[in-house]
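Data block below; observations after.
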Amino acid sequence: MSRSLPRSALAEPSPSALRAHMEAALAKGLVAAGRGQTTALIPDLRAVPPEKFGFSVALLTGEQISVGDTRERFSLQSITKLFSLVALLQRDPDAWDEVGWEPTSHSFRSLTELEERGGKPRNPFVNAGALVVTDRLKTLAGDGFLPTLQLIQQQSGNAKIRSVPSVARAEFAHAHVNTAIAHLLANVGRIQNPIPQLLRNYFRQCAIEASTDDTARAALFLAQKDQHQVVLSFEDRRRVNAVLLTAGMYNAAGDIAYRVGMPVKSGIGGGIVGVLPGVGTVCVWSPPLDETGNSAGGLVALEEFSRLARWSIF
Ligand code: GLU
């Protein structure tokens, strides 16, 4: 005879209970946000008010729960690497061989690691891998930026989502490290398009702005567990979630797997999106970052939420 599990052992799907957990987690996250600093890498993002905090959950049932600044748009930055990878896999399921799938203990902008590995990116979420993804998209779709924007618009249901030209330009003006990465890749034949064009496409992609409500909805296809995937094949959905778990939080992925236990992707705009397969997605946004480049408050809020709501894959 099968015994049912006690309710406390299951991931919480009830919207009213989730809202209470989100509010408690946000309060804790706000305190931690005071210990972080907005990114120094992109001047336009340094000036974002540090007290902003948005927390959204989207469920496979179609319900959405929003707490805080969930309609304000923030710069998705590296969160877009998740969507560009999916846009590429839709066109080329063999792209994994080009971008890799291993975690790293190096920084996401590491030149040393790329050199040591003969110019092969470690995974699609370090900048080397993300640049190869954008380059391949440009080759296959004629534009390295639009497929990613369109995927986020379609999946979120918000056609107004845009890239912010001033953010993309500001990053282009300070692009020394990303330019060096692109040249190292080109030196071993891993880039097919002219580097200035590739970088413009990549910075436009990173400068896409969306709210936490939009972003949680846009990632919801990653939580679907049925075999008949519309956005991504069953196999690739499984692989993308696996690489998000092991490499989605820069070189802090092990710490996050331990503390949160969900596939997640962060960006230096202060956003983090997480996936609980079979249940739904979560997106938090709090601009100040910790020393690993992840949202300081967002991470604490996510850790508290996963504990209270039992949102963990383990
Ligand atoms: N546009 C940033 C870069 O390429 C994205 C960094 C991030 O969010 O991790 O450096």
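The values are calculated or read from the model by the stated rules, or taken from the named source; none is laboratory data. Values in this document were obtained by computation on a predicted structure and should not be read as measured data. As a convention, Cβ positions derive from the backbone with ideal geometry for all residues, glycine included, and neighbour counts pool all protein chains shown.
Numbers at a glance
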| item | result |
| --- | --- |
| Any hit, region 37-50, residues being free of Cβ contacts under 8 Å to residues at least 40 places away in the same chain and under 13 Å from Trp285 (Cα atoms) | no |
| Within region 15-47, tally of residues that are modelled with pLDDT of 90 or more and outside any helix (DSSP H, G or I) | 5 |
| Out of Ala223, Ala247, Ala257, Ala252, sole residue that is within 13 Å of the ligand (Cβ to nearest atom) and over 13 Å from the mean Cα position of the chain (by Cα) | Ala252 |
| Extreme residue, farthest from Asn187 (Cα to Cα), among residues of region 115-146 that are away from the ligand (no atom under 14 Å from the Cβ) and aliphatic (A, V, I, L, M) | Leu146 |
| Qualifying residues in region 194-211 (those that are of a type in the set (S, T, N, Q) and crowded, with 18+ Cβ neighbours inside 10 Å) - the one farthest from the ligand (Cβ to nearest atom) | Ser211 |
| Single residue of Pro103, Pro121 found to be surrounded by fewer than 23 Cβ atoms within 10 Å (Cβ to Cβ), outside any helix (DSSP H, G or I) and either in contact (Cβ under 8 Å) with a residue 40 or more places away in the chain or among the charged types (D, E, K, R) (or both) | Pro103 |
| Unmet criterion (only one of (1) in a helix (DSSP H, G or I); (2) surrounded by fewer than 20 Cβ atoms within 10 Å (Cβ to Cβ); (3) touching a residue at least 60 places away in the same chain (Cβ under 8 Å)) for Lys138 | (2) |
